Amino acid sequence: MYSPHHIAFSVSNNRISVDFYKKFGFEELSFWQAEDKSLSITHLSLNGLILELFCYANAQPAPDSIHTTSTDLPIIGTKHFGLKVASIENARADLAEKGIIAADIEIKQGKWYKYFFVADPDDILLEITDETRLQTKG
């Protein structure tokens, strides 16, 4: 009955954020801007998931707590979103080559899968994971 459709972020610079997310394979679907340029909205797509980026001219900064999972996770609300990869090691190498992360970023073993975090230009956290539970559930 339900399936994922989109996730939305508010960003400080639309172009910089679009360029960042394109490095993960997102493609730009649509762009809209208010006549007074107070707001722009961009839709990006990756494997059927839409990433909706809101960019307000008078954007307010996020609280400092979002910068690390240790300070952000205890606060109620959206924390991060995850992108699944076939090989966590290949993903780390790819993102290091693109200059998004340091080549030696630590891959951690979580309770259910391996992962590492990446911060976008506005410090919104993305979790890169090799999750396979849903693929092998039988």
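Once you divide the Cα radius of gyration of the chain by 2.2 N^0.38 Å, the number left is 1.12.
When the solvent-accessible area of the chain is split by element, carbon and sulfur atoms take up 53 percent of it, the probe being 1.4 Å.
Each of G82, F54, G99 was scored by the projection of its Cα onto the charge dipole of the range 36-137, and the greatest displacement toward the positive side belongs to G82; charges sit on the C-beta of Lys, Arg, Asp and Glu.
All other residues with a Cβ under 12 Å from the Cβ of R15 taken together, and with Lys, Arg as +1 and Asp, Glu as -1, what is their net charge?
Here the count lands on -1.
At q = 0.13, 0.24 Å⁻¹ the log10 of I(q)/I(0) for the range 51-121 amounts to -0.51, -1.27, computed by Debye summation with a single uniform scatterer per C-alpha, solvent ignored. A DSSP coil position with no more than 10 other Cβ atoms inside 10 Å describes the following GluC sites (Glu not before Pro) in the range 50-133: E106. Per residue, the range 55-120 exposes 68 Å² of accessible surface when a 1.4 Å probe is rolled over the protein heavy atoms with every protein chain present.
Roughly what % of Cα-Cα distances in the range 79-119 sit above 12 Å, to the whole percent?
60 percent
The angle between the Cα long axis of helix 88-97 and the main principal axis of the chain comes to about 50°, on a 0 to 90 degree scale.
Looking at the chain, what % of its DSSP beta bridges pair antiparallel, to the nearest 5? Don't jump to the answer; show the numbers that get you there.
Details: 21 of 31 bridges.
Around 70 percent antiparallel, to the nearest 5.
Dividing the convex hull volume of the alpha carbon atoms of the range 22-91 by its residue count gives 131 Å³ per residue.
The values are calculated or read from the model by the stated rules, or taken from the named source; none is laboratory data. These numbers come from a predicted model, not from an experiment. A quick note on method: Cβ atoms are made from the backbone with ideal geometry, for glycine too, and the neighbour counts reach across all protein chains shown. Please note that ligands, DNA and RNA were not included when accessible areas were found on the heavy atoms of the full protein model with its side chains. Shrake-Rupley method; radii C 1.70, N 1.55, O 1.52, S 1.80 Å.
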